[in-house]
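**Q** Quick one: the structure is below, and I'll ask about it shortly.
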Amino acid sequence: MIKTKITEMFGLKYPILSAPMGPFYTTELAVAVSEAGGLGVLSHTNLRGVDSIKTLKESMEYVIEHTDKPFGFNIRTARMQPDAMPLVRNVAKWINKNPKLREQCVYGLTSAGSPRKASETWKKKAPTIKHFHVAPAMFLAQKVVDSGCDGLVVTGFEGGGHQSYEQITTLVLLQEAVNKFSDVPIVACGGFATPEGIAMGIAGGADAIAMGTRFIATKESEFHENYKSVIYPASSRDTLMTTGAFGPIRLLKNKYAIEHGTILSKEEKVSQEAGFTVEELEEEMERYELIYRGDVENGAILAGQTVGLVDKPLEVDDLISGFTKKAEELLKKSVSKIN
Ligand SMILES: Cc1cc2nc3c(=O)[nH]c(=O)nc-3n(C[C@H](O)[C@H](O)[C@H](O)COP(=O)(O)O)c2cc1C
């Protein structure tokens, strides 16, 4: 068994987390991942017409009805996310009212903005939540640690979905983070989709591995079958960076991604946002709606370079236990090379 700061912190059988994948639903996926011995994570679900606060509450209640294992949730705390702090405060309230929820909902992952206000709120009002924040570069990782978070998720540029302007790969970021923050629990994320990847991450000092794209293509995930079906044939060359509402976003190439503009510099993006119209923001939300309904031509297909490593659907249980066992064998084999 692989024993790390994170398996110990949450009592996990395997050092595997599902990465959050908002604005979509990952409720069934989270149940399956936690049941399988990993840590399932609910996404910040705010598709059009969805009340994100009501949805997160209902999803949490659903999870604790369907598993007794620990799980987590994501809140994107970006500037353009008005529901972020109401979500942060409500989670604390729900946890305090419901002992089963308090016992199981142990991982609060914030991302895409600052961790500070969430950290202050949960430290005071919901101290049982272990608060982690996504850092795509070391200067941000330092801010996460300084904010009093309990751990870091280092996510590199090869990952799917929204990305930072920094363009640092997971490989480099993980080495930087484990060297600088040897006492901090670290989740490595972005670019993992195989037992080899898990073995590399753990050997490199990560305390757990989070995967997004690989989990989309599981039997239990709620993603549309059309979404899953374009991932299998894709190669690692088939994603591109384009302009998202919160910065660059990695999408699978399709009609929408190719025709959509590309803004990769922060300065250009900030000036674009200053002139954003409600209609332009609505347009992006519409693209998520389209892919949610299975339109793989006009929808935004968020996916990482790992698409090239995913060639068939798997059951979550097989994925988590199978990949980890193979990763353990690979790690033992590596050790046997040392004289
Ligand atoms: C469909 C999709 C939606 C995502 N939405 C979010 C999100 O709401 N919040 C977040 O912090 N990261 C989000 N991400 C990023 C993932 O949490 C994770 O960093 C990424 O999937 C890792 O790369 P991988 O896909 O190669 O595993 C999303 C990624 C995907 C593929």
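Please treat every number below as a calculation from the coordinates, not as lab data. Computed from a predicted structure; not experimentally measured. Positions of Cβ are generated from backbone atoms using ideal geometry, with glycine treated the same way; all protein chains shown enter the neighbour counts.
**Q** For Cα pairs less than 8 Å apart in space and 6+ apart in sequence, what is the mean separation divided by the residue count of the chain, i.e. the relative contact order in percent?
**A** For the chain, the relative contact order is 17 percent.
**Q** Search the structure for amide H atoms under 5 Å from the amide H of Val106, placed 1.01 Å from N in the peptide plane, and list their residues when 5 or more places away or on another chain.
**A** Phe71
**Q** Need one word for the chain: rounded, prolate or oblate. Basis is the Cα gyration tensor (sqrt eigenvalues a ≥ b ≥ c); a/c below 1.5 gives rounded, then a/b vs b/c decides.
**A** It comes out rounded by the Cα gyration axes.
**Q** Something else: Size of the dipole of the chain about the Cα centre, Lys and Arg at +1 and Asp and Glu at -1 on the beta carbon, nothing else charged, in debye to 20?
**A** Dipole size: approximately 1140 debye.
**Q** Would you work out the charge dipole size for the stretch 93-175 about its Cα centre, treating the Cβ of every Lys and Arg as +1 and the Cβ of every Asp and Glu as -1, and quote it to the nearest 20 debye?
**A** Computed about the Cα centre, the dipole is about 660 debye.
**Q** May I pose another question? Can you list the lysines whose alpha carbon is less than 30 Å from that of Lys97, not counting same-chain residues fewer than 8 positions off?
**A** Lys5, Lys13, Lys54, Lys57, Lys69, Lys117, Lys123, Lys124, Lys125, Lys130
**Q** So, one more: Which of the listed residues, Asn179, Ser235, Val154, is farthest toward the dipole's positive end in the chain, when Lys, Arg count +1 and Asp, Glu count -1 at the beta-carbon?
**A** Asn179
**Q** Sort 328-335, 13-20 for me by packing, meaning the mean count of neighbouring Cβ atoms within 10 Å per residue, highest on top.
**A** 13-20, 328-335
**Q** Read phi for every residue in the stretch 210-227 and hand back ³J(HN,Hα) as whole Hz from Karplus 6.51 cos²θ - 1.76 cosθ + 1.60, θ = phi - 60°, with x for Gly and Pro.
**A** Per residue, the Karplus-derived 3J(HN,Hα) values read 10, 10, x, 3, 4, 6, 4, 8, 10, 4, 7, 5, 7, 4, 4, 4, 5, 4 Hz.
**Q** Which residue, Glu279, Glu297, Glu176, has the most motion in a Gaussian network model of the chain that connects Cα atoms within less than 10 Å?
**A** Highest fluctuation among the options: Glu279.
**Q** Given only helices, namely DSSP H runs of n ≥ 4 each adding -39500 (n - 2.57), what is the per-residue ellipticity at 222 nm of the chain, to the nearest 500 deg cm²/dmol?
**A** Here the helix-only value at 222 nm equals -12000 deg cm²/dmol.
**Q** Per-residue counts of other Cβ atoms within 10 Å, averaged by peptide: what ranking do you get for 115-127, 149-161, highest first?
**A** 149-161, 115-127
**Q** Would you order Lys5, Lys100 from fewest to most other beta-carbon atoms within 10 Å of each residue's own beta-carbon?
**A** In order of increasing Cβ crowding within 10 Å: Lys100, Lys5.
**Q** Taking only Cα atoms and a 10 Å spring cutoff, compute GNM fluctuations for the chain and point out the largest among Gln142, Gln163, Gln305.
**A** Comparing Gln142, Gln163, Gln305 in a Gaussian network model of the chain, the most mobile one is Gln142.
**Q** Given H placed 1.01 Å from N in the peptide plane, which residues other than close sequence neighbours of Leu39 have an amide H under 5 Å from its amide H?
**A** Amide H neighbours of Leu39: Ile16, Leu17, Ser18.
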